[in-house]
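Accompanying notes for the structure given below.
The values are calculated or read from the model by the stated rules, or taken from the named source; none is laboratory data. Nothing here was measured: the structure is a model prediction, and the numbers come from that model. Backbone-built Cβ (ideal geometry, glycine too); neighbour counts: all protein chains shown. SASA here: full protein model, heavy atoms, side chains in, ligands and nucleic acids out. Shrake-Rupley method; radii C 1.70, N 1.55, O 1.52, S 1.80 Å.
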Amino acid sequence: MYRWEYFGVSALLLASTAATAMDAQTFYTRAQALQKKGPLAMFSRDLKPLMNEMKAAGVSVKGENDVARKNGTPLYCPPDTAKGMSPQDVLQEFGRIPESQRKSMSVRDAWKSILIRKFPC
């Protein structure tokens, strides 16, 4: 790996780790509460932090997978025709992780495990 790639990925991982302090159980619980609000969730104070948390996790895991792919060992391999998951799908996938594991893992690590499980290479 080139030095600049390593530096870029390291900076990305560090930045997302600092911004992503929420554990997966907290994320899941708050997201479930939002889902129950239906359309009124758009006005919740929790919406933006949860969206930012998921976005940071997605960027970080994608960056890690891009580097792994360049090294010939991708973490996950989504099909070219894969469409994005709905919020309900994401919540369902988080729910598949046992609560005891969600409590001890970050949103990023949970998202990474979901992608590896859904899109094995």
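When the Kirkwood radius is taken over all Cα pairs of the stretch 25-90, what Stokes-Einstein diffusion coefficient follows at 37 °C and 0.692 mPa s, in µm²/s? Kindly include the intermediate steps, with their values, before the conclusion.
Details: Rh = 13.8 Å.
The Stokes-Einstein estimate is 238 µm²/s.
Which value, in Å² and to the nearest 10, is the accessible area of V90 when all protein chains are kept and the probe is 1.4 Å?
Roughly 20 Å² of V90 is accessible to a 1.4 Å probe.
So which of K62/K83; K37/K83; K55/K118; K48/K103 end up more than 23 Å apart by C-alpha?
The answer is K37/K83.
How charged is the neighbourhood of A24? Take every other residue with its Cβ under 13 Å from the Cβ of A24, and add Lys/Arg as +1 and Asp/Glu as -1.
+1
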